[in-house]
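Below: one structure, written as structure tokens.
The values are calculated or read from the model by the stated rules, or taken from the named source; none is laboratory data. This is a predicted model, so every value here is computed, not measured. Neighbour counts are summed over all protein chains in view; Cβ atoms, including those assigned to glycine, are modelled from backbone coordinates with ideal geometry.
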Amino acid sequence: MNRRALLLAPAILLATPAVAQQGAALTERDRADLARVEAYLNGLGTLRARFLQLAWNGASAEGTAWIWRPGRMRFEYDPPDPMLLVADAGQFLMYDRDLRAPTTLPVGTTPLGVLLRREVRLSGDITVTAVARQGGFLRVSLFRTREPAEGTLTLVFNADPLELRQWAVVDSQRRETRVTLSRIETGLRFPAGLFQFNDPRFFEPGGFGAPQGAGN
């Protein structure tokens, strides 16, 4: 993937549509499924997976994702892609290893920040625009109620048993960036340095290897 395409890839975090959005008319079944999603996400401690990212412009990238709720996430792209995305302490860091160029922004201003909350609630300050079921998958589309211009996030789960498998962000020009997870592992113990800038391994591709053991 060329550098221009790669630098567009963080649209998973930065999609910024400027359109008004409305919530869905939820059925009792929808509300029951949303309660299941809330319980699943709030019970999720750690997750490690491979990811495939497909951007609106046709660019693709692969890598390893770590999620440690609440508040921490790391996306490490496979070489030669130089991008590293890390969330910790309320900030997202986007770092280009080749250019040694960091960019930061508050986690709460990104659609994916919803996944990292201490308590996920799909109501109130979150507006659900659609709940759909097809082919054994459950799809939930949403945005932050007061900030619709941040983008619409769609979460895709295996329906039974419930498991996060994919998400997508769509902007006002219908440009979509989709991230699909595979080889999912949960309940692992991660080194704290995986998310801490002062660890000497932090910026090294593959510097932490695979997590070992079990965690909470």
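See the values below:
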item: Residues within the range 99-122 that are part of a loop (DSSP other than H, G, I, E, B) and touching a residue at least 60 places away in the same chain (Cβ under 8 Å), tallied; result: 5
item: Failed condition for residue 133, given (1) crowded, with 17+ Cβ neighbours inside 10 Å; (2) over 21 Å from residue 54 (Cβ atoms); result: (1)
item: Residue match in the range 33-43 (condition: at pLDDT below 90, over 18 Å from the mean Cα position of the chain (by Cα) and exposed (fewer than 14 other Cβ atoms within 10 Å of the Cβ)); result: no
item: Candidate set from the range 44-57 (those that are of a type in the set (A, V, I, L, M) and either surrounded by fewer than 16 Cβ atoms within 10 Å (Cβ to Cβ) or more than 14 Å from residue 163 (Cα to Cα) (or both)); member that is modelled with the highest pLDDT; result: 52
item: The range 75-107 - residue that is aliphatic (A, V, I, L, M) and touching a Ser or Thr at 6+ places or on another chain (Cβ under 7 Å) and, of those, nearest to residue 193 (Cα to Cα); result: 93
item: Condition broken by residue 148, with the remaining ones in (1) closer than 24 Å to residue 68 by Cβ; (2) touching a Pro at 6+ places or on another chain (Cβ under 9 Å) satisfied; result: (1)
item: Residues of the range 85-119 classified as farther than 24 Å from residue 149 by Cβ, surrounded by 15 or more Cβ atoms within 10 Å (Cβ to Cβ) and not aromatic (Phe, Trp, Tyr), total; result: 4
item: Members of the range 150-191 that are closer than 17 Å to residue 59 by Cβ, charged (D, E, K, R) and assigned to a loop (DSSP other than H, G, I, E, B); result: 171, 174, 175
